[in-house]
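To start, the structure itself, in structure tokens.
The values are calculated or read from the model by the stated rules, or taken from the named source; none is laboratory data. Keep in mind the model is a prediction, meaning the values are calculated, not measured. Here the Cβ is made from the backbone with ideal geometry for all residues, glycine too, and neighbour counts use every protein chain on show. We work out accessible area using only protein heavy atoms, side chains counted, and drop any ligands, DNA or RNA first. Shrake-Rupley method; radii C 1.70, N 1.55, O 1.52, S 1.80 Å.
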Amino acid sequence: MKSLITALAVTFLLGTFADAQQRQIQLKVGDVDLGRFEVDTQKTPIFEAGGVKDKNVPNPRDWLEIEIEFTVDGPADAVVPELQFRFYAGFKDQNGQGRTLTGDVRYKNVVCGEQYFATRYVSPNTLGEITGDFRRFQANAVEAAGVEVYYNGVIVGGESTMSGSSAKFWEVTGTTPGLLSKDKTPFALLWIDRYPDIANDGR
């Protein structure tokens with residue numbers, strides 16, 4: 001009897017695993033539905049901690065936050081094992097030259113039909129190097145934002161604040177690294193359930 005129960009339990013677990021595997025789908029262009037970009041500044045957060053002396057931070061610095069809402073079309077509860085988002089942010093630097101920062105992030109276990117957000121950040125120091133002002137930053141200094149979404153190395157979605165021939169502005173300006181994953185910023189512990197889990201090291 002014990003052997004029969006064990007065999008049934010194993011069969012159930014294998015069936016559950018197979019069912020979960022079947023719910024993982026393949027994606028095509030258009031299956032990732034992207035919303036509009038939100039481009040804004042966030043002050044460096046101030047956290048309270050026990051066992052340390054409190055220190056006054058009179059002027060928290062500005063970070064650039066770029067965020068976009070997305071959902072994946074597919075069967076209910078189907079799971080996409082991994083999606084790669086490649087972000088772009090276009091600026092005019094202090095010399096009036098176009099400059100585009102980029103950065104990738106891979107999200108894992110994205111459930112179809114669920115509302116998610118993808119985000120990237122630019123540090124205060126990098127913003128200062130671009131604009132020449134290390135004390136403050138205005139979000140309207142970002143002239144364009146864009147994102148490409150990849151599944152298994154193939155583009156399945158994209159969005160840009162530009163239109164027409166300028167939509168992929170990064171192909172004209174070229175790119176340099178500089179967009180940081182949330183887990184590489186002071187915001188790592190904030191709003192956790194707003195975003196899918198990150199599958200890479202957030203480079």
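Using Cα atoms only, what is the angle between the long axis of helix 2-22 and the major principal axis of the chain, expressed in degrees (0 to 90) to the nearest 10?
The two axes meet at around 40 degrees.
Mind listing the long-range amide H neighbours of Trp63? Cut-off is under 5 Å, sequence gap 5 or more, other chains count too, H placed in the peptide plane at 1.01 Å from N.
Residues meeting the criterion, in which the H sits 1.01 Å from N, are Gln42, Lys43, Thr44.
Defining a contact as two alpha carbons under 8 Å apart and six or more residues distant in sequence, what relative contact order in percent does the chain show?
Numbers: 397 pairs, mean separation 50.4, N = 203.
Over the chain, the number comes to 25 percent.
If I stretch the segment between Lys55 and Glu82 completely, what's the gain in nm (0.36 nm per residue apart, minus their alpha carbon distance), one decimal? Before the final figure, lay out each step's value.
Working: separation 27, 0.36 × 27 = 9.72 nm, distance 4.08 nm.
Computed gain between Lys55 and Glu82 is 5.6 nm.
Once ligands and nucleic acids are excluded and a 1.4 Å probe is used, how much of Ser165 is accessible, expressed in Å² to the nearest 10?
For Ser165, the solvent-accessible surface is approximately 120 Å².
Pop out the carbon and sulfur fraction of the accessible area of the chain as a percent, whole number, probe 1.4 Å. If you can, show how the numbers build up before the last one.
On the way: 6140 of 12070 Å².
Of the solvent-accessible surface of the chain, carbon and sulfur hold 51 percent.
By average Cβ neighbour count within 10 Å, what is the ranking of 129-136, 111-118, 45-52 from highest down?
Numbers: 129-136: 13.8, 111-118: 15.2, 45-52: 7.2.
In decreasing order of mean packing, 129-136, 111-118, 45-52 become 111-118, 129-136, 45-52.
So how far apart, in nm, are the two label points at Thr44 and Gln138 if each is 7 Å from Cα heading toward Cβ?
2.4 nm
Note down the accessible area of Thr175, probe 1.4 Å, to the nearest 10 Å².
Roll a 1.4 Å probe over it and Thr175 shows about 70 Å².
Mean-square fluctuation check for the chain, GNM, Cα pairs under 10 Å: which of Asn56, Asn95, Asn152 is largest?
It is Asn56.
Considering the values (i) 1.00; (ii) 1.46; (iii) 1.10, which represents Rg/Rh (Cα atoms, Kirkwood Rh) as calculated for the structure under consideration?
Comparing each candidate, only (iii) matches the computed number.
Just the number please: accessible area per residue for the range 74-192, 1.4 Å probe, all protein chains included, in Å².
Numbers: 5710 Å² over 119 residues.
Roughly 48 Å² per residue, with all protein chains present.
Can you tell me how much longer the chain between Gln97 and Asp33 gets when fully stretched, taken as 0.36 nm per residue apart minus their C-alpha distance, in nm with one decimal? Each step should come with its number before you reach the end.
Values: separation 64, 0.36 × 64 = 23.04 nm, distance 3.26 nm.
Gain on stretching Gln97 to Asp33: 19.8 nm.
Beyond 25 Å between alpha-carbons counts as too far, so tell me which of Lys55/Lys92; Lys53/Lys182; Lys55/Lys184; Lys28/Lys184; Lys108/Lys182; Lys28/Lys182 fall in that bin. Each step should come with its number before you reach the end.
Working: Lys55/Lys92 36 Å; Lys53/Lys182 27 Å; Lys55/Lys184 23 Å; Lys28/Lys184 30 Å; Lys108/Lys182 15 Å; Lys28/Lys182 27 Å.
Result: Lys55/Lys92; Lys53/Lys182; Lys28/Lys184; Lys28/Lys182 exceed 25 Å.
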